[in-house]
1. Which pairs turn up if I take residues in segment A:349-366 that are near RNA strand B (Cβ under 10 Å from one of its atoms) and look for partners that are part of a helix (DSSP H, G or I) and among the acidic types (Asp, Glu) with beta carbon separation below 9 Å, at least 6 apart in sequence or on another chain?
2. It is to be established whether one or more residues within segment A:523-531 are modelled with pLDDT of 75 or more and within 11 Å of RNA strand B (Cβ to nearest atom).
3. Determine if segment A:257-267 includes at least one residue that is free of Cβ contacts under 8 Å to residues at least 24 places away in the same chain and of a type outside the set (Ser, Thr, Tyr).
4. How about segment A:34-78: which of its residues are more than 7 Å from RNA strand B (Cβ to nearest atom) and hydrophobic (A, V, I, L, M, F, W, C)?
5. Being surrounded by fewer than 16 Cβ atoms within 10 Å (Cβ to Cβ), touching a residue at least 60 places away in the same chain (Cβ under 8 Å) and either assigned to a loop (DSSP other than H, G, I, E, B) or not basic (Lys, Arg) (or both) is true for just one of A:Thr448, A:Thr390. Which residue is that?
6. Filter segment A:427-445 for residues that are surrounded by fewer than 22 Cβ atoms within 10 Å (Cβ to Cβ), within 12 Å of RNA strand B (Cβ to nearest atom) and either of a type in the set (D, E, K, R) or without any contact (Cβ under 8 Å) to a residue 24 or more places away in the chain (or both) and give the result.
7. Pull up segment A:324-346, narrow it to residues that are among the polar types (S, T, N, Q) and within 16 Å of RNA strand B (Cβ to nearest atom), then point me to the one that is nearest to A:Val300 (Cα to Cα).
Amino acid sequence: MRRSDRAATVPAVPMDTFQSLLAKKLSDALARAGLPEVGELTQATDPRFGDYQSNVALVFGKQRGENPRALAEKIVAHLDVDEFCGRPAVAGTGFINFTLRQAAVEKQTLEVLQDDRLGVAETESPRRIVIDFGSPNVAKPMHVGHIRSTVLGDALARVAKFLGHEVIRDNHVGDWGTQFGMVIWGWKNLLDRQALQRNPLAEIVRVYKETNERASRDTEVREACRQELVKLQAGDKENTDIWNECVAFSMQDFERVYKLLDIRYDLQCGESFYNDQLPNVVDRLLKAGIAEISEGAVVVFFRDDPDLADKPLIIRKRDGGFNYATTDLATIDYRVNELKADTIWYVVGAPQTLHFKQIFAVAQREGYTVDVRHVTFGSVLGEDRKLMKTRSGENVPLRELLEEACRRARKIIDEKNPDLSEDEKNDIAEKIGIGAVKYADLSQYRTTDYIFSWYKMLSLHGNTAPYLQNAYVRIRSIFRKAGAIAVATPLWGVGAAQYEEAGHRPVATAFTLTEPTEINLAKRLCQFAEIVPQVLNGFRPNILANYLFELANSFHAFYEACPVLKSEEPARSSRLMLSDLTARVLQRGLDLLGIKVPERM
RNA sequence: GUGCCUGUAGCUCAACCGGAUAGAGCUUCUGACUUCGGAUCAGAAGGUUGGGGGUUCGAAUCCCUCCAGGCACGCCA
C-alpha cells in the first residue's frame with residue numbers, strides 16, 4: 001500500500017493524544033466529584049512520577065481551603081482511566097500521577113505509525129496569519145543580523161501551516177527611505193560600471209558607504225543627497241530607474257541566500273509598495289482626531305496610556321515626508337482589508353518593541369481587531385559576547401557565513417566518509433552546514449542572545465543538528481541493510497517504499513514492546529503530537545528542538561540495548577517499525593524547523 | 001533621567017500565566033566494543049538560580065529594592 005493510497009482509505013479523523021485523552025477523563029471525574037471541570041494535565045516532570053501528572057487538587061485545595069491530598073483521593077475515586085493506565089497515584093502534597101499501560105502505549109504508537117500526520121491534529125480554529133519576517137534592506141547585503149528573523153519566521157510559518165492555519169509569508173523589504181538619496185547620488189557620481197557588472201550589490205554598497213562618509217563631512221554632498229531623495233519621491237524618471245535597478249540587484253542577492261536557506265515567500269511587499277497609501281493614513285488619523293499637528297509634524301499622542309504617555313509617534317515629518325511608522329500603519333490596513341488576515345506576527349528584533357507598541361496602539365484606536373503580535377528575539381553575538389562583527393568591525397555577510405558553514409561541514413564529511421561521490425558530499429554538506437546554523441538558532445529560547453560558535457553548532461555530540469541528522473542516518477542505514485538481506489516486514493512509513501521496491505508487501509501487525517528502552521522510545525514518539533502545537537504557544541521552536549534531541553537520545557538508548565535485524569519475530573518487526581517511526585518523526589520535526597536530513601553523512 | 005530586556009553548574013543553554021529533590025550538552029573522570037554507522041551508550045563530579053527583602057502550603061518563576069550588562073526613548077529604518 002502506497003502512503004498516498006492509505007491517505008485515501010483511512011478517514012481523516014484527528015487523533016487524540018494521551019494528554020488530551022487523559023485531560024478529558026480528568027475533566028469527567030471532576031464533574032462527577034462536583035468540582036469545576038477545568039484542570040490541567042501535563043507530561044510528568046520526572047519519570048518517577050509516571051507519564052502524566054495533574055495538580056488540580058492543589059489548586060482546588062487552595063481555592064476551597066480543603067486538604068489537597070484528600071481532594072486528590074476524591075478525584076482519583078471518580079477517575080475512569082483503566083483503558084490507558086493503572087489506578088492513578090496520589091503523591092507528594094496532592095499531585096495525581098498517571099502511568100500508562102504498556103498495551104495502551106502499543107496501541108497508540110501503532111495509530112501514530114499509521115497516521116501521515118504522525119498523530120498531530122489540525123487546529124480546530126484555523127486562522128489566516130500574515131507572518132512578517134526577514135525584511136532585509138535594499139542596497140545592503142544580508143548579514144547575520146537577519147538570520148534570526150528569517151530562520152525563526154520560517155519555522156513558525158512551517159509549524160502554523162502544518163497545524164492547519166492559513167499562512168501568508170510576507171517579506172517587508174526595506175526598499176524605501178532616506179538612504180536612497182545617498183545611493184542615487186553615489187550612483188551618479190562614484191559608480192564603477194565594471195565593478196557593478198562583476199558584483200552589483202558589492203559595488204552599490206561601496207558607493208553607498210563612500211557617499212555616506214562624504215556626506216558626513218561635506219554639507220554640500222549632504223544637501224545634494226537630500227535633493228536626489230526629493231526627486232525620487234517626486235517620481236523623477238532618472239532616479240526612479242536607478243532605484244529600480246538597485247532594488248532588482250538586491251533582490252537577486254537575497255534570492256541566492258533564500259535558495260541556500262530553503263526559504264520562500266508568498267509576498268514580498270516592501271515599504272515602497274505602500275507609498276501611495278501614506279497620505280491617506282495621515283488624513284484618516286487626523287480626521288479621526290487620533291493624530292494632531294505638533295511642532296509642524298503630524299503626531300499621535302497616547303496621553304491616556306501610562307506606558308506611552310511621554311512617547312509620541314510621528315507619522316508625518318515637519319518637511320512633509322513620511323516615515324516608517326506611517327508605512328507600518330498602511331501595512332496593517334493592507335493586510336487586514338486586502339489580505340483578510342485576522343492575525344499578524346512581526347518577527348522583528350527586540351529593539352523595536354516601543355515602535356510596535358505604538359503602532360499597535362494606533363491600530364487599536366482606529367478600531368482594528370486583528371490579533372497583532374511582535375515576536376522578538378535576541379542578538380547574535382560573537383565569541384567575545386559582543387555583537388557579531390568581522391575583524392574589521394563590519395557586519396558579517398550572511399551568504400559568506402552560510403557558505404562557510406557548508407565548507408566546514410564538507411570537511412567533516414571528507415574525514416568521516418571519504419568514499420561518497422563528489423555530488424553526494426556537496427549535497428550532504430549543504431544539508432548539514434545550513435541545518436547546523438539554523439538549529440543553533442532555533443534550539444535556543446528566542447529572546448536570549450546567542451553566541452555564534454562554529455565548533456558547537458557543527459559538533460556531532462550534544463544538542464546539534466548533525467547529531468539529530470546522524471540519528472536519522474543510522475536508521476536509514478538499518479533499512480538499507482535490511483533491504484539487502486531481503487526480509488519482509490510490516491511497515492507503512494519511510495521504509496515501506498523501499499520494501500515495496502524490493503518486492504516485499506508490508507502487512508499490518510501490532511507492536512510488541514518488551515525492553516524498557518523500547519517502551520520509553522514508543523512513549524516519546526507518542527509525545528510528538530503533544531509538542532508540536534506548543535511551539536506556537538509563545539513562539540518557541542526550541543521546545544520542538546529539545547523534544548527531537550530527547551527523541552534521538554531515546555532512540556540511541558534503544559539502539560544500544562535492542563538488536564533490530566538480528567532479533568527474532570515478533571520483536572524484529574516491532575523494532576523495525578519503531579525505528580521507521582523514529583526516522584519519520586525526526587524527519588518531520590526537523591522539516592518543521594526548516595532543516596533537511598541526508599540519507600548518509 | 002524614564003522605560004523595557006537579560007543575569008541559572010567552569011563554559012553554552014533548558015525549565016517561566018508558581019508546583020514535587022532546578023535539568024541537558026560541552027569539559028573532566030569511570031565503565032561498556034570480534035559495533036544493525038562507537039558519529040554510541042551507561043555512570044560520576046559539578047548550584048545560596050546576581051545580592052537582599054516580601055507574598056504562601058510551595059518561588060528560578062510573582063512583588064519591592066539594590067548591583068551588573070544590553071537596548072530603546074519626536075522628525076533614520
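The values are calculated or read from the model by the stated rules, or taken from the named source; none is laboratory data. Keep in mind that what you see is a predicted model, and the values were worked out from it rather than measured. In this analysis, Cβ positions are derived from the backbone assuming ideal geometry, glycine residues included, and neighbour counts consider all displayed protein chains.
1. Sorted first by the residue in segment A:349-366, then by its partner, the pairs are A:His355/A:Asp328.
2. Looking through segment A:523-531, none of the residues is modelled with pLDDT of 75 or more and within 11 Å of RNA strand B (Cβ to nearest atom).
3. Yes, because at least one residue in segment A:257-267 is free of Cβ contacts under 8 Å to residues at least 24 places away in the same chain and of a type outside the set (Ser, Thr, Tyr).
4. A:Leu35, A:Val38, A:Leu41, A:Val56, A:Ala57, A:Phe60, A:Ala70, A:Leu71, A:Ala72, A:Ile75, A:Val76, A:Ala77
5. Being surrounded by fewer than 16 Cβ atoms within 10 Å (Cβ to Cβ), touching a residue at least 60 places away in the same chain (Cβ under 8 Å) and either assigned to a loop (DSSP other than H, G, I, E, B) or not basic (Lys, Arg) (or both) holds for just one of A:Thr448, A:Thr390, which is A:Thr448.
6. If the condition is that a residue be surrounded by fewer than 22 Cβ atoms within 10 Å (Cβ to Cβ), within 12 Å of RNA strand B (Cβ to nearest atom) and either of a type in the set (D, E, K, R) or without any contact (Cβ under 8 Å) to a residue 24 or more places away in the chain (or both), then no residue fits.
7. Going through the qualifying residues, I end up with A:Thr326.
This table checks each residue for (1) in contact with a strand residue (DSSP E or B) (Cβ under 6 Å, 6 or more places away or on another chain); (2) on the phi > 0 side of the Ramachandran plot; (3) surrounded by 15 or more Cβ atoms within 10 Å (Cβ to Cβ).
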| site | (1), (2), (3) |
| --- | --- |
| A:Ala157 | yes, no, yes |
| A:Phe162 | no, no, yes |
| A:Val167 | yes, no, yes |
| A:Trp176 | no, no, yes |
| A:Ile184 | no, no, yes |
| A:Gln197 | no, no, no |
